[in-house]
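Just below is one structure, and these are the notes that go with it.
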Amino acid sequence: MTKRIGVVGGSLGGLTTACLLRDAGHDVTVFERSSRELEQRGAGIGFLRATYRYLAEQAGLDVSTISIETDNIRYLNRDGSTAHNSQHSYLFSSWNTVYRKLLDAYGSSGDLSERYRLGHELVDFASHASGVTASFGNGETWEGDLLVAADGIGSMVRSRLQPKAVPSYAGYVAWRGMVPESQLDPDIASQLGDAITYYVYANSHILVYPIPDNEGSVAVGGRLINFVWYRNYLEGGELTDLLTDQTGVERELSVPPGAMASHHVAEARATAAARLPPQIAAVVEATKELFVQVIYDIDVDQMVFGRVAIMGDAAFAARPHAAAGTAKAADDGWSLAAALDATADGDAGIDEALALWEPAQLALGRDLQERTRRIGVRSQVENSWTPGDPEFIFGLHKPGD
Ligand SMILES: Cc1cc2nc3c(=O)[nH]c(=O)nc-3n(C[C@H](O)[C@H](O)[C@H](O)COP(=O)(O)OP(=O)(O)OC[C@H]3O[C@@H](n4cnc5c(N)ncnc54)[C@H](O)[C@@H]3O)c2cc1C
């Protein structure tokens, strides 16, 4: 039986889920707060199987056209020489590239604007015995059988249903940026283009890898080199100052490209030159717009609340060290679709499906969070990360998987 399903949040988790539930024959509508299609200025993602599974298996896309495969995990010394190199294959893509492909796949079945409702910020909802109602900031309302909340780390749905589950600051942020490889010294571009390259130093680490450019090009010479640099800031004044943008506005989760206060950008560039290997410092130096994302932990002890299910970062925001955030969100969607498929067709089937879905996804979220928290502590606090440590291999379920 076709169910009316609303998905709140039209990012990678919400879109993957919407595509899968639509393919299973349900009547799906995505409600996205942003009034325009989303854009994350191309930031890179480690591209694990669950993230590309829909595009590869259901949308028939050749993954090599939207990602870059690297063959090496390489650690550098401060002087730029190689401290460790092991052969290990990873795929990398960019948030924008994957979003565009998922949106194309979701839009292929009809009028996208009807099914992907921009400018719809969920402001209220109520679950009852046989369904759910939702209201949006623009005055519209919706009624259906199931509401899936994929509204990210700042989830209003989670804050309403699990008020004690508030984001807890990890003690550090990620400084990020991308630079066209064509703008780097060719030697540096080629050294950084076939590997994930790490530099690990006191209470910090930085990783660098190639990603598609803003138009999705994966051709060597036309890609971007992306970095993620984890740096500690004390909670309170120091963090607040970092998150106060150049117009004086205090941000909460991130300061976007172009908005960082200039004294922080100058400090980051100077620190890169003073402390990072020359190849990596050159990437930071050449990046036009540095930006910052704060690292938080979020966990819940329940993901199902009547006819409301919370998933992705809305439920568990794990630290990024396993490169598995979008994969976990997608896995939540795959397993929800499977649970709905496996249970009775009638109305009671939804409750059965949600009961079937929740325990495994709670366990997945908890495990990932525990593992990535441990990596964060080892790197940013204990300084016990030695080059080549297998615990630091990316993976959703465990290192390498
Ligand atoms: C530094 C860093 C590096 C990372 N690296 C990786 C990586 O390498 N690989 C990887 O897989 N993941 C990575 N991640 C994690 C990844 O970005 C997240 O896990 C992923 O984006 C979560 O997807 P989501 O769909 O659950 O939520 P989000 O992407 O946060 O999307 C939530 C959506 O909900 C919308 N929304 C919010 N509130 C409302 C509302 N009230 N009504 C309607 N819409 C609403 C938002 O506008 C947004 O579009 C990284 C994260 C960080 C911070």
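The values are calculated or read from the model by the stated rules, or taken from the named source; none is laboratory data. If you're wondering where the values come from, they're calculated on a predicted model, not measured in any experiment. Here the Cβ positions follow ideal geometry from the backbone for every residue, glycine too, while neighbour counts run over all protein chains shown.
Among residues of segment 288-347 being assigned to a loop (DSSP other than H, G, I, E, B) and charged (D, E, K, R), the one that is modelled with the lowest pLDDT is D347. The set of residues in segment 36-64 being in a helix (DSSP H, G or I), within 17 Å of A323 (Cα to Cα) and polar (S, T, N, Q) consists of T51 alone. Do we find a residue being within 27 Å of G25 (Cβ to Cβ) and assigned by TED's automatic domain parsing to the domain that holds V308 anywhere in segment 374-382? Within segment 374-382, not a single residue is within 27 Å of G25 (Cβ to Cβ) and assigned by TED's automatic domain parsing to the domain that holds V308. Across segment 36-57, the number of residues qualifying as within 12 Å of the ligand (Cβ to nearest atom), surrounded by fewer than 23 Cβ atoms within 10 Å (Cβ to Cβ) and not acidic (D, E) comes to 6. Counting only strands (runs of 3 or more DSSP E) that sit wholly inside segment 91-198, those with at least 2 residues that are in contact with a strand residue (DSSP E or B) (Cβ under 9 Å, 6 or more places away or on another chain) and not assigned by TED's automatic domain parsing to the domain that holds D27 are 168-180.
Within 9 Å of the ligand (Cβ to nearest atom) and touching a strand residue (DSSP E or B) at 6+ places or on another chain (Cβ under 6 Å) - does that describe any residue in segment 1-8? Yes, the conditions are met somewhere in segment 1-8.
Considering segment 324-356, the residues that are of a type outside the set (G, A, S) and within 16 Å of the ligand (Cβ to nearest atom) include one that is surrounded by the fewest Cβ atoms within 10 Å (Cβ to Cβ), namely W334.
Inclusion of A170 among residues that are more than 20 Å from the chain's Cα centre (by Cα) and aliphatic (A, V, I, L, M) is not warranted.
Looking across segment 228-269 at every residue that is among the charged types (D, E, K, R) and exposed (fewer than 15 other Cβ atoms within 10 Å of the Cβ), the one that is farthest from D297 (Cα to Cα) is identified as E267.
Filtering segment 272-310 to residues that are without any contact (Cβ under 8 Å) to a residue 60 or more places away in the chain and closer than 27 Å to L239 by Cβ leaves A272, A273, A274, A281, E285.
Residues in segment 23-35 that are within 13 Å of the ligand (Cβ to nearest atom), buried (at least 21 other Cβ atoms within 10 Å of the Cβ) and not in a loop (DSSP other than H, G, I, E, B): V30, F31. Within segment 120-149, restricting attention to residues that are within 15 Å of the ligand (Cβ to nearest atom) and charged (D, E, K, R), the residue that is nearest to the chain's Cα centre (by Cα) is E121.
Can you name the residue in segment 150-169 that is surrounded by 22 or more Cβ atoms within 10 Å (Cβ to Cβ) and of a type in the set (A, V, I, L, M) and, of all such residues, is nearest to the ligand (Cβ to nearest atom)? My answer is A150. For segment 340-353, the condition of being under 19 Å from the mean Cα position of the chain (by Cα) and assigned by TED's automatic domain parsing to the domain that holds T17 holds for none of the residues.
Taking segment 262-286 as the range and being assigned to a loop (DSSP other than H, G, I, E, B) and over 15 Å from R231 (Cβ atoms) as the test, only P277 passes. For segment 151-164, the tally of residues that are aliphatic (A, V, I, L, M) and over 19 Å from the mean Cα position of the chain (by Cα) stands at 1. Going by the conditions given, is D111 surrounded by fewer than 17 Cβ atoms within 10 Å (Cβ to Cβ), charged (D, E, K, R) and in contact (Cβ under 8 Å) with a residue 40 or more places away in the chain? No; evaluated as a whole, the condition is false for this residue. Condition check for L38 on (1) closer than 29 Å to E391 by Cα; (2) at pLDDT below 95: one failure, at (1). Return yes when L76 is more than 16 Å from the ligand (Cβ to nearest atom), over 20 Å from the mean Cα position of the chain (by Cα), under 19 Å from N214 (Cα atoms) and buried (at least 16 other Cβ atoms within 10 Å of the Cβ) and no when it is not. Answer is no for this residue.
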